[in-house]
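The values are calculated or read from the model by the stated rules, or taken from the named source; none is laboratory data. Keep in mind the model is a prediction, meaning the values are calculated, not measured. Here Cβ is always computed from backbone atoms with ideal geometry, including for glycine, and neighbour counts include all displayed protein chains. Accessible surface areas use protein heavy atoms only, side chains included; no ligands, DNA or RNA. Shrake-Rupley method; radii C 1.70, N 1.55, O 1.52, S 1.80 Å.
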Amino acid sequence: MVNKNIVALGFVSFFTDMASAMVTSILPIFIVYTLDQGVDKLGYVVAIATFVSYAFRILFGYLSDRLQVVKPFVVTGYLVSALTKPLLALADTWQQVALLRGTERMGKAIRAATKDSLISAYSEGKSGRSFGFHKMMDVAGEMSGALIAFAALYWLGKGESVFRELFAWTLVPGILAVLIVLFFVRDVPYRNKKRSESFDWQADKGLLPLLFLYFGFVFFLFNDSFFLVSAKEAGYSVATIPLLMVLYNFVQTLLSYFFGIQIDRTSPRAVLGVAMLFGLGAMGALYCQQVIVGFVLLGIFTVAGLNAVRACISDEAVNKGTVYGIFYGGVALFGAAGATVIGLIWKRYGESDAILFSMAGLATLLLMYLLYLWGNFRTSKRVQH
């Protein structure tokens with residue numbers, strides 16, 4: 001059984017990500033086609049939002065460990081996100097969208113590392129299952145939000161006013177999430193350290209190679225926003241594009257708990273290697289204009305890879321909040337840089353060259369990761385003998 005606090009956090013994520021998907025499933029189309037700002041501007045918006053969302057997780061993860069404070073960060077983060085998303089209804093330029101997305105993602109930064117610390121504290125030795133359940137609820141919310149966006153565009157039309165109304169209505173699920181985390185999730189104090197103790201940085205350095213290989217994958221892999229624009233370029237209508245996000249999130253919902261079980265049965269590192277293979281396959285499908293297959297494979301990479309890294313940190317890290325912060329901070333830097341570079345390559349040389357650039361980088365990193373796993377395997381065999 002999953003701890004009731006993790007169940008409550010699952011519903012918090014469900015409603016928060018419902019609101020997020022009501023935005024993200026249409027925002028790339030809103031920026032590129034409604035506001036007529038171009039794919040390069042979409043890359044800037046994605047880069048800014050990604051950087052803010054992840055970079056500041058280092059700070060708040062550190063503060064959580066240092067001050068031994070968890071739930072207040074979680075509540076504050078969800079509140080900031082809930083109040084900021086609806087303001088996108090007033091945006092008229094890509095700069096305004098970037099500012100609002102950055103502010104909303106700051107809420108994500110405040111809560112993310114501390115939320116993972118809460119899940120880890122209540123996982124009762126089953127971190128794979130706990131993170132698998134939470135991610136399942138997370139992406140189920142995203143799938144619901146994308147369905148709401150599809151229904152609105154299908155029944156109400158594809159005009160600018162419908163986009164803006166969808167942004168405004170995100171306030172409802174956002175506030176529901178805040179109320180659940182405020183009243184139904186218990187805080188958990190840190191019991192393993194005194195506040196005055198310094199961090200043992202050396203204890204967690206063994207995780208760095210794995211983290212940096214994952215960061216490289218984040219750099220080269222297309223963000224889901226670029227997948228949506230690829231779908232539009234391939235001929236999918238504006239009304240049906242949210243259904244691709246439904247598919248993307250359905251795959252994650254279906255497989256999240258399954259991969260959580262596999263993480264506990266095998267190892268997080270093995271599952272991460274499988275995830276990377278699916279990530280490369282997603283880009284190959286996009287190059288062959290198999291958009292639906294691409295979204296399916298991207299969903300598998302996302303859910304398996306993220307759960308694997310989070311479980312690995314939960315199982316092995318000493319300073320969990322800080323390492324989660326470093327993890328999300330690295331995703332910020334590499335994700336923001338990757339979105340900027342891919343957006344510029346796409347703008348100057350075209351979609352095909354951007355995909356080839358991505359595939360070349362991903363294939364190299366997958367080979368490096370396999371060599372890394374082989375090196376760890378040989379080392380463990382020597383130690384056993």
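Can you go through Ser64, Ser20 and tell me which one is part of a helix (DSSP H, G or I) and within 16 Å of the chain's Cα centre (by Cα)?
Selected residue: Ser20, the only one of Ser64, Ser20 that is part of a helix (DSSP H, G or I) and within 16 Å of the chain's Cα centre (by Cα).
Inspect region 36-43 for any residue being surrounded by fewer than 22 Cβ atoms within 10 Å (Cβ to Cβ) and free of Cβ contacts under 8 Å to residues at least 24 places away in the same chain and give the result as yes or no.
The answer is yes; a qualifying residue exists.
Mind checking which residues of region 89-99 are open to solvent by 30 Å² or more (accessible area, probe 1.4 Å) and more than 12 Å from Lys41 (Cα to Cα)?
If the condition is that a residue be open to solvent by 30 Å² or more (accessible area, probe 1.4 Å) and more than 12 Å from Lys41 (Cα to Cα), then Leu90, Asp92, Leu99 are the ones that fit.
Take the residues in region 335-349 that are of a type in the set (A, V, I, L, M, F, W, C) and crowded, with 22+ Cβ neighbours inside 10 Å; name whichever of them is modelled with the lowest pLDDT.
So the residue we want is Ala336.
State whether one or more residues within region 87-99 are at negative phi and within 17 Å of the chain's Cα centre (by Cα).
no
Of the residues that make up region 44-60, is at least one more than 17 Å from Ser20 (Cα to Cα), in contact (Cβ under 8 Å) with a residue 40 or more places away in the chain and of a type in the set (S, T, N, Q)?
No, region 44-60 contains no residue that is more than 17 Å from Ser20 (Cα to Cα), in contact (Cβ under 8 Å) with a residue 40 or more places away in the chain and of a type in the set (S, T, N, Q).
State the number of residues belonging to region 269-294 that are assigned to a helix (DSSP H, G or I), open to solvent by 40 Å² or more (accessible area, probe 1.4 Å), in contact (Cβ under 8 Å) with a residue 40 or more places away in the chain and more than 14 Å from Gly305 (Cα to Cα).
The qualifying residues number 2.
Determine whether region 29-48 contains at least one residue that is modelled with pLDDT of 85 or more, closer than 23 Å to Pro173 by Cβ and either within 19 Å of the chain's Cα centre (by Cα) or not in a helix (DSSP H, G or I) (or both).
yes
Given the criteria open to solvent by 50 Å² or more (accessible area, probe 1.4 Å), modelled with pLDDT under 85 and β-branched (Val, Ile, Thr), does Val383 qualify?
yes
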